[in-house]
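The values are calculated or read from the model by the stated rules, or taken from the named source; none is laboratory data. None of the values given here were measured: they were computed from a predicted structure. With ideal geometry, Cβ positions are generated from the backbone for all residues, glycine too; neighbour counts draw on all protein chains shown.
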Amino acid sequence: MSQSESTSRPIQPMDPRLQDIQPGGGVVIHLEQKWGDVRRWWLKSFRRGWVQRMESLRQGDFNPCPHDVLDSRDLKFHQNQGGWYWDSADDPFHWRDRIPFARVGLAELLVVGGGFSAAGLAFAWGGSVLTGSVQIIAWIASAVFLVIAGLIAWFFRDPPREAPAAPGLVVSPADGKIVDIEELDNDDHVGGPAIKIGIFLSIFNVHINRAPVSGRVIGLAYQPGKCLNALRPESARENEQLAVMMETDDGHHRGVVIRQITGAIARRIVCWLKPGDNLQRGEQFGMIKLGSRTELVLPKTACLTIRTQPGDRVKAGTSILADFGAE
């Protein structure tokens with residue numbers, strides 16, 4: 001029996017570089033954080049009853065954030081730090097998880113998508129009042145901006161998915177195209193020979209990542225880096241990336257790695273997991289914003305059957321990439 005199927009692995013400490021769920025930062029996240037400062041000031045000044053009620057419903061044993069936590073919105077960027085939380089029944093903002101867009105992308109949807117929409121409507125108004133060649137330019141600009149706004153909304157969509165239930169299956173952690181399947185002599189987390197499956201995500205794919213197997217998160221590893229085109233092989237080594245190391249809960253304790261990698265356009269990795277979390281097959285755990293690469297590393301065992309090939313189009317949580325069999 002290989003190390004990948006032996007005793008359970010110890011939980012690793014949190015990577016100290018992961019202080020929030022989007023370690024690469026970004027303009028929009030900073031704007032949202034500044035808005036949070038204003039919102040908390042307003043609540044403490046004018047909605048003290050609300051603050052007291054939310055405090056009475058709050059659970060957990062410490063504040064994981066570098067700021068006051070008045071309701072669940074204040075935990076958005078620090079879900080991976082543990083601590084305080086609200087049960088879904090007590091969270092007035094739980095409904096946001098049910099809208100058909102990625103909750104961690106709502107700010108980009110509003111700021112960037114809304115900005116392009118406003119520009120498109122402004123140029124459309126200009127096209128309605130101007131004349132001649134300037135009017136034509138205004139209409140063209142309006143169409144371009146509105147198409148970009150539509151693409152941004154399309155990018156952040158969150159369609160429902162239902163993972164297959166048969167035992168031993170490994171589903172895709174991302175939407176996109178299988179670009180390579182490579183045999184590795186050794187992977188440290190797997191503990192021996194492994195198979196790596198690379199998935200390229202274009203800007204037209206859903207970018208929410210999902211767990212390929214049911215199991216426990218053993219550790220996370222973040223690596224700052226470049227933003228090379230995700231189709232280039234060296235991007236897997238040199239780009240910013242975050243590795244989620246899991247262990248299957250099927251009794252074999254197999255090591256599995258999901259690696260989120262940025263691309264030339266996608267420069268924001270999001271992952272709200274922490275070591276010790278349990279995931280169900282197909283459950284969401286993060287996303288990469290605007291085109292990227294996701295890799296899946298599996299132990300190369302006698303029972304493993306790869307059920308995909310380069311060129312296949314796959315969907316996160318539903319497309320079957322491999323099968324360990326019903327042992």
Self-check item: Count of segment 256-277 residues which are at pLDDT 95 or above and farther than 19 Å from Ile208 by Cβ
Solution: 2
Practice problem: Return yes when Asp175 is within 20 Å of Arg293 (Cα to Cα) and surrounded by fewer than 19 Cβ atoms within 10 Å (Cβ to Cβ) and no when it is not. | Solution: no
Exercise. Scan segment 146-172 for residues that are closer than 18 Å to Asn205 by Cβ and not in a loop (DSSP other than H, G, I, E, B) and report the count.
Key: 10
Exercise. Could you run through segment 301-317 and say how many residues are without any contact (Cβ under 8 Å) to a residue 12 or more places away in the chain and either in contact with a helix residue (DSSP H, G or I) (Cβ under 9 Å, 6 or more places away or on another chain) or not hydrophobic (A, V, I, L, M, F, W, C) (or both)?
Key: 0
Quiz item: All but one of (1) under 20 Å from the mean Cα position of the chain (by Cα); (2) farther than 26 Å from Phe204 by Cα hold for Gly263; which doesn't?
Solution: (2)
Practice problem: Working only within segment 281-300, note down all residues that are outside any loop (DSSP other than H, G, I, E, B) and touching a helix residue (DSSP H, G or I) at 6+ places or on another chain (Cβ under 7 Å). | Solution: Met287, Lys289, Arg293, Glu295, Pro299
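Okay, residues lined up against (1) among the basic types (Lys, Arg); (2) surrounded by fewer than 21 Cβ atoms within 10 Å (Cβ to Cβ):
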| residue | (1), (2) |
| --- | --- |
| Gly286 | no, no |
| Lys289 | yes, no |
| Ser292 | no, no |
| Leu296 | no, no |
| Leu304 | no, yes |
| Asp312 | no, yes |
| Lys315 | yes, yes |
| Asp323 | no, yes |
Quiz item: Is it fair to say Asp180 is in contact with a strand residue (DSSP E or B) (Cβ under 9 Å, 6 or more places away or on another chain), of a type outside the set (Gly, Ala, Ser) and buried (at least 17 other Cβ atoms within 10 Å of the Cβ)?
Solution: no
Quiz item: Can you name the residue in segment 192-204 that is touching a helix residue (DSSP H, G or I) at 6+ places or on another chain (Cβ under 8 Å) and outside any strand (DSSP E or B) and, of all such residues, is surrounded by the most Cβ atoms within 10 Å (Cβ to Cβ)?
Solution: Ile203
Exercise. Please identify the pairs in which a residue from segment 26-46 that is over 19 Å from Val111 (Cβ atoms) has its Cβ atom under 6 Å from the Cβ atom of a residue that is charged (D, E, K, R), counting only partners at least 6 apart or on another chain.
Key: Arg40/Asp68
Self-check item: Criterion (in a strand (DSSP E or B) and at pLDDT 95 or above) met by exactly one of Val217, Val213
Solution: Val217
Quiz prompt | Qualifying residues in segment 45-85 (those that are among the polar types (S, T, N, Q) and not in a helix (DSSP H, G or I)) - the one farthest from Pro275 (Cα to Cα) | solution = Gln59
Quiz item: For Leu130, which of the numbered conditions (1) in contact (Cβ under 8 Å) with a residue 24 or more places away in the chain; (2) more than 30 Å from Pro275 (Cα to Cα) fails to hold?
Solution: (1)
Exercise. Those residues that are loosely packed, with under 12 Cβ neighbours inside 10 Å and either in a helix (DSSP H, G or I) or within 37 Å of the chain's Cα centre (by Cα) (or both), I need them from segment 126-145; list them, please.
Key: Ser128, Val129, Gly132, Ser133, Val134
